[in-house]
1. Okay, helix-only estimate at 222 nm for the chain: each DSSP H run of n ≥ 4 adds -39500 (n - 2.57), divide by all residues, round to 500 deg cm²/dmol; what do you get?
2. Between residue 77 and residue 46, how high is the FRET efficiency from 1/(1 + (r/R0)^6) when r is the Cβ-Cβ distance and R₀ = 41 Å? Nearest 0.05.
3. Between helix 72-83 and the chain, what is the angle of the helix's C-alpha long axis to the longest principal axis, kept within 0 to 90° and rounded to the nearest 10?
4. Based on C-alpha coordinates, I'd like the Rg and Dmax of the chain, in Å.
5. Only Cα pairs under 8 Å and at least 6 apart count here; give the relative contact order of the chain as a rounded whole percent.
6. With +1 on the Cβ of every Lys and Arg and -1 on the Cβ of every Asp and Glu, and nothing else charged, how large is the dipole of the chain about its Cα centre, in debye rounded to the nearest 20?
7. Want the number for residue 84 to residue 19: 0.36 nm per residue separation, take away the alpha-carbon distance, what's left?
Amino acid sequence: MQSVKRLFPSMLFAAMIAYFGYHALNGEQGVLNWIVVKNQISETEIELAEARSDREALEVRAARLRSDSLDLDYVEERATALLNIAHPRDFVVDIETPRER
């Protein structure tokens, strides 16, 4: 009985170390979850960079269509592409593009 009383503080301390050690690794804010979050952040930063480049391209296209700086050649090009029509005197060459797989 006395040996159990002597070992109890050590066993309690070992159990506490095991408990906190487990949660330090696998807990909500543990090391393993930190690695997962870090990977998600890097993936999201890549997506953000792509979205920013897409936005810049759209802003350039929109700027070319504003009334104060209207680019008539661009308007004609977009109308021809979207409506699939051309002026009767235009020479149209149909180029087959490779399909995406």
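No lab work stands behind these numbers, since they all come straight from the coordinates. What you see is a predicted model; the values in this text were computed from it and never measured. Cβ placement follows ideal geometry from the backbone for every residue including glycine, while neighbour counts extend to all protein chains displayed.
1. Theoretical 222 nm ellipticity from helices: -25000 deg cm²/dmol.
2. 0.85
3. Tilt of helix 72-83: around 80 degrees.
4. Here Rg and the maximum Cα pair distance are 32.5, 107 Å.
5. Relative contact order for the chain comes out at 7 percent.
6. I would put it at about 1100 debye.
7. Taking residue 84 through residue 19 to full extension adds about 16.6 nm, to one decimal.
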